[in-house]
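Before any comments, here is the structure.
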Amino acid sequence: MDNQKIVVANFKMNLVLKFEIENWLKNFLKYKQELSSVNTRIILIPSALNALQFIEKFKNIKTIFIGLQNVFWERKGSFTGGVSSATLKSYSGEYVILGHSERKKYFGETEEIVALKLQNITKVGLKGVLCVGEDIMEKKNDLTKQSLVRQLDVYLNNFPQGQLNKLLICYEPIWAISTNKPTNPPTADEIMTAKLIIKKFLVERYGINLAEKIKILYGGSVNQRNVEEICFSAGMDGVLVGKASLVPAELVGIIRKVEGK
Ligand code: PGA
């Protein structure tokens, strides 16, 4: 596996007004030159309504890729309100976040739905940022391993092996997401343990050669102060950043740390 690190910015449903997104773009683009020459793969996931604008703005910056926070599991048809993965692909978008706990909590997404969506985006040629993580009860009851394995087992059922290199798996303990106000974020040891659980699952299912191609990220209250510990002490291939990505200077600070600067 190459050692390129990944930083995914998940805006969620923030920066909702036109001037807010324009300000964000203006401030982020102040770092355009620096961002164009990083080794890190930067994946920006704005709201669906802003995605095409982002694709246009960043089309000449080779280090930056754009994605969506959700798509429907069918590519086309009478599905009022659905967003099509094929549309994102045809506009040269690249990624879709899947399995996020907020999609499950507020939009009723089940693990089976996540699996359908993953199959759909793979068919149209998009890449997935697949979130897996335990909730607070599972953590308290020492069920993290069972929870991660269960989710991976459902999500990757019927997943074509040839597409595994298009997958980013993100370990995101639900209790550690900033809006859930974690008292103690997971330690580097806990994050690394989760990574090993995921790796072991992948090695058992696909063999070491394929498993090694899949990058594993961490998400949950990532900021400039903890990102080095996550990427270097816990050995993650990158991070999924929510709240901190809303401030361009903070996101750039995270990218710098990931670059080892
Ligand atoms: P956070 O969000 O960085 O604000 O904790 C991460 C996420 O939920 O993707």
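The values are calculated or read from the model by the stated rules, or taken from the named source; none is laboratory data. Please read all numbers here as calculations on a predicted model, not as lab measurements. Note that we place each Cβ from the backbone using ideal geometry, even for glycine, and neighbour counts take in every protein chain shown.
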Condition test on residue 260, is it more than 17 Å from residue 156 (Cα to Cα), away from the ligand (no atom under 16 Å from the Cβ) and outside any strand (DSSP E or B)? yes
Odd one out for residue 72, checked against (1) more than 19 Å from residue 54 (Cβ to Cβ); (2) touching a residue at least 24 places away in the same chain (Cβ under 8 Å); (3) crowded, with 18+ Cβ neighbours inside 10 Å: (3)
Take residue 3 and decide whether it is surrounded by fewer than 21 Cβ atoms within 10 Å (Cβ to Cβ) and within 17 Å of the chain's Cα centre (by Cα). no
For the list (1) over 30 Å from residue 209 (Cα atoms); (2) away from the ligand (no atom under 16 Å from the Cβ); (3) aromatic (Phe, Trp, Tyr), I need the number of the one condition that residue 73 fails. (1)
Out of all the residues in segment 174-203, which are within 14 Å of the ligand (Cβ to nearest atom), assigned to a helix (DSSP H, G or I) and closer than 18 Å to residue 142 by Cα? 174, 175, 176, 191
Out of 114, 129, 96, sole residue that is out of contact with any helix residue (DSSP H, G or I) (no Cβ under 9 Å at 6 or more places or on another chain), modelled with pLDDT of 95 or more and buried (at least 18 other Cβ atoms within 10 Å of the Cβ): 129
Evaluate segment 136-156: report whether one residue or more is within 16 Å of residue 237 (Cα to Cα) and either surrounded by 14 or more Cβ atoms within 10 Å (Cβ to Cβ) or modelled with pLDDT under 95 (or both). no
Within segment 5-34, residues being over 14 Å from residue 249 (Cβ atoms), polar (S, T, N, Q) and either at pLDDT below 95 or not in a loop (DSSP other than H, G, I, E, B) (or both) number 2
